[in-house]
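Take a look at the structure set out below.
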Amino acid sequence: MPIYSLGDRRPTIDPSAFVHPDAVVIGDVRIGPESSVWPTAVLRGDHGAVMVGARTSIQDGTVVHCTRTLDTVIGDRCVIGHNAHLEGCTILDDSLVGSGSIVLHRAVVGPHAMVGAGALVGNDKVVPRHARALGVPAVVTPDMVADDAFADAVEIYVGNVHLYAAELRRLD
């Protein structure tokens, strides 16, 4: 799998995490226990850091980047959907960022919050605890997400960490 250092910036990947061979991890990227990074996802910590907590899934095609002044932080037990784009933002524990959504500089999501598929959470926007953000630009609706709303999805992806680590084999 393409895992790269960049100068003195080097990824730190917990041994129990799963990074698919077709994902790319560059620079100061930290991936926590039982987390997963799926095919064609790119996590690039070239000027700042990208931090992924425990039991979090970064799904296929997602791009996670940072800036010189803004790290990107993703908490524990988060589900980051396919083709999402996260840059210079904070996603707090137990949250979901839907497929194709964008979360930008200094935005904060969660905990126990949801960014719906295709939504745009722009610079400095806050999606509070238990809120849902939908649309372009995202409109935030409070008190829409239960504490355990994404627990099943988290468990499915943690199960996939172990399944893929044990059984994924390339066929040529």
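What follows is calculated from the coordinates using simple rules that are stated; it is not laboratory data. Keep in mind it's a predicted model, so treat the numbers as computed, not measured. All Cβ positions, even for glycine, are placed from backbone atoms using ideal geometry, and neighbour counts span all protein chains on display.
P(r) tail for region 1-64: Cα pairs beyond 17 Å make up 28% of the total. Of all the options ALA138, ALA151, ALA17, the one that moves most in a Gaussian network model of the chain with Cα springs shorter than 10 angstrom is ALA151. Across the chain, Cα pairs under 8 Å and at least six residues apart give a relative contact order of 14 percent. Here region 20-58 is scanned for amide nitrogen atoms under 13 Å from the site 7 Å beyond the Cα of ILE156 along Cα-to-Cβ, giving 57.
With the gyration tensor restricted to C-alpha atoms of region 115-172, the semi-axes of the equivalent ellipsoid amount to 33, 16, 8 Å, longest first.
Counting only the Cα atoms, region 76-172 fills a convex hull of 98 Å³ per residue. Between the amide H of SER36 and those of PHE18, THR56, SER57, ILE58, distances stay under 5 Å, these residues lying 5 or more places away or on another chain, with hydrogens modeled in the peptide plane.
Radius of gyration (Cα atoms) of region 94-147, expressed as a multiple of 2.2 N^0.38 Å: 0.94. Would you mind classifying region 67-133 by shape? Square roots of the alpha carbon gyration tensor eigenvalues, ordered a ≥ b ≥ c; an a/c under 1.5 is rounded, otherwise it is prolate if a/b is larger than b/c and oblate if not. Rounded, since a/c falls under 1.5. Taking the three principal axes of the alpha carbon atoms in the chain, the coordinate ranges are 46, 35, 25 Å, sorted in descending order. Among DSSP bridges having both ends in region 3-166, what percentage is antiparallel? Round to the nearest 5. Around 10 percent antiparallel, to the nearest 5. Each of the peptides 69-75, 54-60 was scored by the mean count of other Cβ atoms within 10 Å over its residues; in descending order, highest first, they stand as 54-60, 69-75. Comparing HIS105, HIS65, HIS162 in a Gaussian network model of the chain where C-alpha atoms under 10 Å apart are linked, the largest mean-square fluctuation is found at HIS162. Kirkwood's formula applied to the C-alpha pairs of region 35-105 gives a hydrodynamic radius of 11.4 angstrom.
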